[in-house]
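Enquirer: One structure, pasted below without further comment.
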Amino acid sequence: MEIDSCFKIGFILRTHGLKGEVTVSLEEDAPPNLPGIPAVFVETDNRLVPYFVHSLSIHGKKAFVKFEDVDSIEAAEKLVKRSLFLQKSARAKSGPTGFYNDEIIDFKVTDEDLGELGSVVDIMQAGTNRLLVINHGGKEVLVPVNSPFIININKRKRLITVNLPEGFLDI
């Protein structure tokens, strides 16, 4: 499985218990229907390896997962500090106004007054707020993903239109 055809749903933090369970820190984009998913991909040596889910329970932003054929703490320890992925086709459509973080990487960002600012290189989570990380002339600019700043997201054109306050780029 290619990483480009998948999206990250979490990161295995540590083992949980003695029978092979692990504790997973869930990403903001992790789908709400995770307990019904039969398998996930674990990143191992820059490739994705499928693991079938025996049981999964979510508690806030953490999940406790028991994989099939991972029956000891030693086997679970081999999975610690690895990322979990799902196929992009397994997630719901984001809709015309919403987006998943990985969908808008490399989108061009244009300000209504200043013109082209650069492109999105990452999405950062700051508490409950998402921030676009834009490469603007070799400088990293953080733009909040909310209404006074984001005017339009055109997925077909891969373009985000913003309206930044005067002096925003000077900060």
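The values are calculated or read from the model by the stated rules, or taken from the named source; none is laboratory data. This one's a predicted model, so the numbers in the text were calculated from it and none came from an experiment. Cβ atoms come from the backbone with ideal geometry, glycine included; neighbour counts cover every protein chain shown. To get the accessible areas, we keep the full protein, side chains included, count just its heavy atoms, and leave off ligands, DNA and RNA. Shrake-Rupley method; radii C 1.70, N 1.55, O 1.52, S 1.80 Å.
Enquirer: Only one of Asp102, Asp106, Asp113 is within 23 Å of Asn154 (Cα to Cα), surrounded by 14 or more Cβ atoms within 10 Å (Cβ to Cβ) and in contact (Cβ under 8 Å) with a residue 24 or more places away in the chain; which? Write out each step before concluding.
Expert: Working: Asp106 fails: surrounded by 14 or more Cβ atoms within 10 Å (Cβ to Cβ); Asp113 fails: surrounded by 14 or more Cβ atoms within 10 Å (Cβ to Cβ).
Only one candidate passes the filter, namely Asp102.
Enquirer: May I ask you to list the residues in the stretch 128-141 that are under 30 Å from Lys61 (Cα atoms) and either surrounded by 13 or more Cβ atoms within 10 Å (Cβ to Cβ) or among the aromatic types (Phe, Trp, Tyr) (or both)?
Expert: Taking the stretch 128-141 and keeping what is under 30 Å from Lys61 (Cα atoms), we get 128-135, 140-141.
Listed by number, the residues that qualify are Arg130, Leu131, Leu132, Val133, Ile134, Asn135, Val141.
Enquirer: A further question on this structure: Would you tally the residues in the stretch 29-85 being touching an Asp or Glu at 6+ places or on another chain (Cβ under 7 Å), more than 29 Å from Phe99 (Cβ to Cβ) and small (Gly, Ala, Ser)?
Expert: Qualifying residue count, the stretch 29-85: 1.
Enquirer: I'd like the residue in the stretch 1-12 that is aliphatic (A, V, I, L, M) and buried (at least 20 other Cβ atoms within 10 Å of the Cβ) and, out of all such residues, is modelled with the highest pLDDT. Let's see the steps before the verdict.
Expert: Just the residues of the stretch 1-12 that are aliphatic (A, V, I, L, M), to begin with: 1, 3, 9, 12.
Next cut, buried (at least 20 other Cβ atoms within 10 Å of the Cβ) only: 9, 12.
Details: Ile9: 90, Ile12: 97.
Only one residue tops the list, namely Ile12.
Enquirer: Could you say which residue among Ser119, Ser94, Ser89 is touching an Asp or Glu at 6+ places or on another chain (Cβ under 7 Å) and modelled with pLDDT under 80? Even if it seems obvious, please write down each step before you answer.
Expert: Values: Ser119 fails: modelled with pLDDT under 80; Ser89 fails: touching an Asp or Glu at 6+ places or on another chain (Cβ under 7 Å).
Going through Ser119, Ser94, Ser89 in turn, just one is touching an Asp or Glu at 6+ places or on another chain (Cβ under 7 Å) and modelled with pLDDT under 80: Ser94.
Enquirer: Residues to consider are Leu169, Leu117, Leu164; find the one that is over 28 Å from Ser25 (Cβ atoms), part of a helix (DSSP H, G or I) and among the hydrophobic types (A, V, I, L, M, F, W, C).
Expert: Working: Leu117 fails: part of a helix (DSSP H, G or I); Leu164 fails: part of a helix (DSSP H, G or I).
Going through Leu169, Leu117, Leu164 in turn, just one is over 28 Å from Ser25 (Cβ atoms), part of a helix (DSSP H, G or I) and among the hydrophobic types (A, V, I, L, M, F, W, C): Leu169.
Enquirer: Let me ask something else. Residue by residue through the stretch 81-98, note down the ones that are in contact with a strand residue (DSSP E or B) (Cβ under 6 Å, 6 or more places away or on another chain) and open to solvent by less than 40 Å² (accessible area, probe 1.4 Å).
Expert: The initial filter retains those residues of the stretch 81-98 that are in contact with a strand residue (DSSP E or B) (Cβ under 6 Å, 6 or more places away or on another chain), namely 82-88.
Result: Ser83, Leu84, Phe85, Leu86.
Enquirer: Show the residue pairs that are 6+ apart or on different chains and have beta-carbon atoms under 9 Å apart, the first residue being within the stretch 48-75 and closer than 12 Å to Leu26 by Cα and of a type in the set (Val, Ile, Thr), the second being modelled with pLDDT of 95 or more and outside any strand (DSSP E or B).
Expert: Filtered contacts from the stretch 48-75: no entries.
Enquirer: Pick out the one residue from Val80, Val133 that is farther than 17 Å from Lys157 by Cα, out of contact with any His (no Cβ under 9 Å at 6 or more places or on another chain) and free of Cβ contacts under 8 Å to residues at least 24 places away in the same chain.
Expert: Of the residues listed, the single one that is farther than 17 Å from Lys157 by Cα, out of contact with any His (no Cβ under 9 Å at 6 or more places or on another chain) and free of Cβ contacts under 8 Å to residues at least 24 places away in the same chain is Val133.
Enquirer: When the stretch 58-101 is examined, which residues are found to be within 13 Å of Ile12 (Cα to Cα), of a type outside the set (Val, Ile, Thr) and in a loop (DSSP other than H, G, I, E, B)?
Expert: Lys61, Lys78, Leu79, Lys81, Arg82
Enquirer: So which residues in the stretch 30-76 are surrounded by fewer than 17 Cβ atoms within 10 Å (Cβ to Cβ) and of a type in the set (Lys, Arg)?
Expert: Arg47, Lys61, Lys62
Enquirer: Can you tell me which residue in the stretch 13-29 is surrounded by the fewest Cβ atoms within 10 Å (Cβ to Cβ), limited to those that are touching a helix residue (DSSP H, G or I) at 6+ places or on another chain (Cβ under 6 Å) and free of Cβ contacts under 8 Å to residues at least 60 places away in the same chain? Reasoning before the result, please.
Expert: Just the residues of the stretch 13-29 that are touching a helix residue (DSSP H, G or I) at 6+ places or on another chain (Cβ under 6 Å), to begin with: 15, 18, 20, 22, 29.
This time we only want the ones that are free of Cβ contacts under 8 Å to residues at least 60 places away in the same chain, so: 18, 20, 22.
On the way: Leu18: 10, Gly20: 22, Val22: 26.
If we take residues in the stretch 13-29 being touching a helix residue (DSSP H, G or I) at 6+ places or on another chain (Cβ under 6 Å) and free of Cβ contacts under 8 Å to residues at least 60 places away in the same chain, then Leu18 is surrounded by the fewest Cβ atoms within 10 Å (Cβ to Cβ).
Enquirer: Just to be sure, is Leu48 touching a helix residue (DSSP H, G or I) at 6+ places or on another chain (Cβ under 8 Å) and among the aliphatic types (A, V, I, L, M)?
Expert: Values: touching a helix residue (DSSP H, G or I) at 6+ places or on another chain (Cβ under 8 Å): yes; among the aliphatic types (A, V, I, L, M): yes.
Yes, satisfied.
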